[in-house]
Amino acid sequence: MSILFLDQSGELGGAELCLVDLANSLKDRCLVGLFADGAHYRLLQQMGIPAQVLTTKALPVSKESGVLQGLGSLRQLIPLVVTVANLSRQHQVIYANTQKALVVGGLASMISQRPLVFHLHDILSADHFSATNRRIAIMLANHFAALVIANSEASRDAFIQAGGKPDRVQVVYNGFDPQRYQVSTLETQQLRQQLGLSGQFVVGHFSRLSPWKGQHILIEALTHCPNPVTVLLVGSALFGENAYVKQLHQQIAQLGLMNRVRFLGFRTDVPQLMSACDLIAHTSTAPEPFGRVIIEAMLVGRPVVAAAAGGAVELLVPGETGWLTPPADPQELAAVIQYCFEHPDRTAKIAQQAHHIARERFDLKAINHRIDQLLEQVVTI
Ligand code: UDP
Ligand code: GLC
């Protein structure tokens, strides 16, 4: 079976990293069609995964767009829909990995009569999308998708609540290659030294810089933590959130935390950097659809504290495999940081338990196999 994957993003967000891992296991029988050039395309090429940039024109649909804007945008999509419809004739399934890919893939599937699979990486709620965009996504998914793969129960539930057909959805978590997350003690020590982290209790935050990812909550929490606690912010403003980056710098300056917060920008050595941290914090202020960074921290064997909303609550059991704190609550977060700082043995035990469980529950091979089986079913319907 041959698959035409579609993804709108030139950047490497979590949905794209999930797609790269899936397409890598199917590279002898897939093509990844992108709606933008950039780091995503370069990574696919580097890994030998067949990929094509199908358009370099910015697609005009935004997360907040209204009805008129939405309809106007549809007209501009026609050339891309035709390209995708033609390409899809050489494949058996169209696999849309993002919302705009669903719009284009849905219309193309109608023309080429190829079944459409939609991988839902988002929580379709008012926290994340305008009412119009939710309606469009649900209408397209209900009408065109033979299968919706939701990245968590939270994403599935929001889909159904927004009007999505329950019998179309299957929950499949992101998978991870455990080998990628094995970092030697020597490598960790060297990195800590290089980054000048000796003697510090380092709380790492790994995410694009964006208001709902809540880096400001961690900075606020830092004001309640003793001095050896420092923060590493790993990630960049992938989707143009430059005002937020400015705001973070201002907040740090106002709180006098310049010596206790470091920005490392977007990095490709996340496992190594995580291993150089003492604790990983996830601080999303809106429900996280899945939260790859939570599982990655577990696989590296580092303790993790996550914001208790959305998919994140499905990923760890508080007190057994990590900690959960209410979203946007810097004081509670500071209390967990303080606890981990003061109880290294108990904290290491929890990280170890999490490591075992994450290896079993989120194994890339098993999860890719499950998706392959689901795709087979779609093709044989
Ligand atoms: N990530 C990365 N480099 C960075 C920051 C983040 O490669 O500098 C990766 C991170 O390891 C994770 C992904 O980006 O795999 C983010 O996925 P997540 O599901 O946590 O959040 P998203 O950004 O997709 O909402
Ligand atoms: C999206 C979500 C994130 C999820 C990722 C992979 O980017 O925001 O929560 O982990 O997709 O499914």
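The values are calculated or read from the model by the stated rules, or taken from the named source; none is laboratory data. Since this is a predicted model, take the numbers as computed values, not measurements. Don't worry about glycine lacking a Cβ; one is built from the backbone with ideal geometry, like all the others, and counts go over all protein chains shown. Surface areas here come from the heavy atoms of the whole protein model, side chains and all, with no ligands, DNA or RNA. Shrake-Rupley method; radii C 1.70, N 1.55, O 1.52, S 1.80 Å.
Can you name every residue in region 300-314 that is open to solvent by 10 Å² or more (accessible area, probe 1.4 Å) and out of contact with any strand residue (DSSP E or B) (no Cβ under 6 Å at 6 or more places or on another chain)? Of everything in region 300-314, those that are open to solvent by 10 Å² or more (accessible area, probe 1.4 Å) and out of contact with any strand residue (DSSP E or B) (no Cβ under 6 Å at 6 or more places or on another chain) turn out to be VAL300, GLY301, ALA309, VAL313, GLU314. Being crowded, with 16+ Cβ neighbours inside 10 Å, among the polar types (S, T, N, Q) and under 25 Å from LEU299 (Cα atoms) holds for only one residue in SER184, SER198, SER207, and it is SER207. Report yes if GLU288 is within 11 Å of ligand 1 (Cβ to nearest atom), open to solvent by 10 Å² or more (accessible area, probe 1.4 Å) and touching a Gly at 6+ places or on another chain (Cβ under 8 Å), otherwise no. Yes: the conditions hold for GLU288.
Close Cβ contacts (under 9 Å, 6 or more residues apart or on different chains) running from residues in region 249-272 that are touching a residue at least 40 places away in the same chain (Cβ under 8 Å) to residues that are of a type in the set (Ser, Thr, Tyr) and part of a strand (DSSP E or B) comprise VAL261/THR230; ARG262/THR230.
Residues that are of a type in the set (Ser, Thr, Tyr), under 27 Å from GLN189 (Cα atoms), touching a Lys or Arg at 6+ places or on another chain (Cβ under 6 Å) and without any contact (Cβ under 8 Å) to a residue 40 or more places away in the chain do not occur anywhere in region 231-242.
In the condition set (1) near ligand 1 (Cβ under 10 Å from one of its atoms); (2) farther than 28 Å from ILE149 by Cα, GLY235 is compliant with all but (2). Restricted to helices (runs of 4 or more DSSP H) entirely inside region 129-242, those with at least 3 residues that are within 25 Å of PHE362 (Cβ to Cβ) and under 17 Å from the mean Cα position of the chain (by Cα) are 153-161.
Matching residues to (1) of a type in the set (Lys, Arg); (2) over 21 Å from THR283 (Cβ atoms):
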{"position": "GLY196", "(1), (2)": "no, yes"}
{"position": "VAL203", "(1), (2)": "no, no"}
{"position": "ARG208", "(1), (2)": "yes, no"}
{"position": "HIS216", "(1), (2)": "no, no"}
{"position": "ALA221", "(1), (2)": "no, no"}
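Listed by first and then second residue, the pairs linking a residue in region 341-358 that is open to solvent by less than 60 Å² (accessible area, probe 1.4 Å) to a residue that is not in a helix (DSSP H, G or I), with Cβ atoms under 6 Å apart and 6 or more places separating them unless they lie on different chains, are THR347/PRO303; ILE350/PRO303; ALA351/GLY301; ALA351/ARG302; ALA351/PRO303; ALA354/THR321; ALA354/GLY322; HIS355/GLY301.
Residues checked against (1) surrounded by fewer than 15 Cβ atoms within 10 Å (Cβ to Cβ); (2) within 11 Å of ligand 1 (Cβ to nearest atom):
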position	(1), (2)
GLN251	no, no
ARG260	no, no
GLY265	yes, yes
ASP269	yes, yes
ALA276	no, no
LEU279	no, no
HIS282	no, yes
